[in-house]
1. I need every pair where a residue in the stretch 11-28 that is more than 22 Å from GLU50 (Cα to Cα) has its Cβ under 8 Å from the Cβ of a residue that is assigned to a loop (DSSP other than H, G, I, E, B), sequence separation at least 6 or different chains.
2. Look at the stretch 11-43 and say how many of its residues are over 8 Å from the mean Cα position of the chain (by Cα) and in a helix (DSSP H, G or I).
3. In this structure, does ALA52 turn out to be touching a Leu at 6+ places or on another chain (Cβ under 9 Å) and touching a residue at least 24 places away in the same chain (Cβ under 8 Å)?
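Read-outs: derived from the displayed coordinates by stated rules, not from any lab. Keep in mind that this is a model prediction, so the values were computed, not measured. For neighbour counting, all protein chains shown are included, and Cβ atoms are generated from backbone atoms with ideal geometry for every residue, glycine included.
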Amino acid sequence: MTELARLASLLIDLQKKDQLPIYATPKEALQFSIDHGYGDLALEVRRLWEKAN
């Protein structure tokens, strides 16, 4: 499993646990992650995603 996939899976699990709204925009999802204490993880996933593309 790549680092991006592993971290993205962890982020999704945390967001599901904290009930991120299904229709959240990427900006809203990032703010949600920051508000719930795992903004650094969300930013790292975003950085790796942008690097991969």
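1. ASP18/HIS36
2. Residues in the stretch 11-43 being over 8 Å from the mean Cα position of the chain (by Cα) and in a helix (DSSP H, G or I): 12 in total.
3. Working: touching a Leu at 6+ places or on another chain (Cβ under 9 Å): yes; touching a residue at least 24 places away in the same chain (Cβ under 8 Å): yes.
Yes; evaluated as a whole, the condition is true for this residue.
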